[in-house]
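Report on the following structure.
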Amino acid sequence: MFVEREISRKTVYEGRILNVRQDIVALHNGVHAGREVVEHSGGVCIVPVLEDGTCFCVRQFRYPFMESLLEFPAGRLERGEDPLACAIRELSEETGLVPSDMVYLGPMYPSPGYADEVLHIYLATGLVQGAAHPDENEFLSVEQHSMEDLLAMAAEHKLSDAKTLVGLFKAKQYLATQEGL
């Protein structure tokens, strides 16, 4: 296995959501190389599914792409926050849903080539509807789609959000495994 060893680290930007640093590393052959790293506190993505396979999604405008994307509910971890607590909070804020069961489907590294962000994927079931209470200045709409329709959207390139795609496929596999027991 090839490992890069950090020689130096310099923070070049500190922001509210992320920091950026420039590192110098030693490669396995001794050559020094530069690395730019986006530091991010990480987040969660929740796949809320009813017994009949209906999934709850949110549609939200994403400025970098200048379009509204269909996504599973998600949110940023506060520094030191437990991912499960964050997932329950974000699901309630964005959809009003309260789950009776949360299954951890694992971590996801959205952009490992330049960012240290880790997203924790959860499956939420046993859903009870409450009132949504999004963050101030967070504008989104809640939509319901069958898991099969979401898979078709993914195949037709109509579902582009990485965390949603990973969550969809992990949830589908997990549920198929559980049904086969």
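Before moving on, here are some points about what is shown:
- Close contacts from the stretch 122-142, counting a first residue that is closer than 21 Å to P83 by Cα and a second that is among the aromatic types (F, W, Y) and surrounded by 11 or more Cβ atoms within 10 Å (Cβ to Cβ), with Cβ to Cβ under 8 Å and a gap of 6+ residues or different chains, come to Y122/Y104; L123/Y174; L127/F56.
- Residue in the stretch 55-74 that is of a type in the set (V, I, T), surrounded by 13 or more Cβ atoms within 10 Å (Cβ to Cβ), in the same structural domain as F169 (by TED's automatic domain parsing) and over 21 Å from A154 (Cβ atoms) present: no
- S141 passes every criterion in (1) surrounded by 13 or more Cβ atoms within 10 Å (Cβ to Cβ); (2) of a type outside the set (K, R); (3) part of a strand (DSSP E or B) apart from (1).
- In this entry, V118 is excluded by the filter for residues that are of a type in the set (V, I, T), surrounded by fewer than 17 Cβ atoms within 10 Å (Cβ to Cβ) and modelled with pLDDT of 95 or more.
- Of all residues in the stretch 1-17 being aliphatic (A, V, I, L, M) and at pLDDT below 95, the one that is farthest from V37 (Cα to Cα): M1
- Residue match in the stretch 157-169 (condition: of a type in the set (A, V, I, L, M, F, W, C), assigned to a helix (DSSP H, G or I), in the same structural domain as L91 (by TED's automatic domain parsing) and over 21 Å from A87 (Cα atoms)): no
- Residues that are touching a helix residue (DSSP H, G or I) at 6+ places or on another chain (Cβ under 9 Å), closer than 18 Å to D149 by Cα, outside any loop (DSSP other than H, G, I, E, B) and of a type outside the set (A, V, I, L, M), drawn from the stretch 41-73: P48, T54, C55, F56, C57, E71
The values are calculated or read from the model by the stated rules, or taken from the named source; none is laboratory data. Worth saying up front: this structure is predicted, and the values here are computed from it rather than measured. Virtual Cβ from ideal backbone geometry, glycine too; neighbours counted across all protein chains shown.
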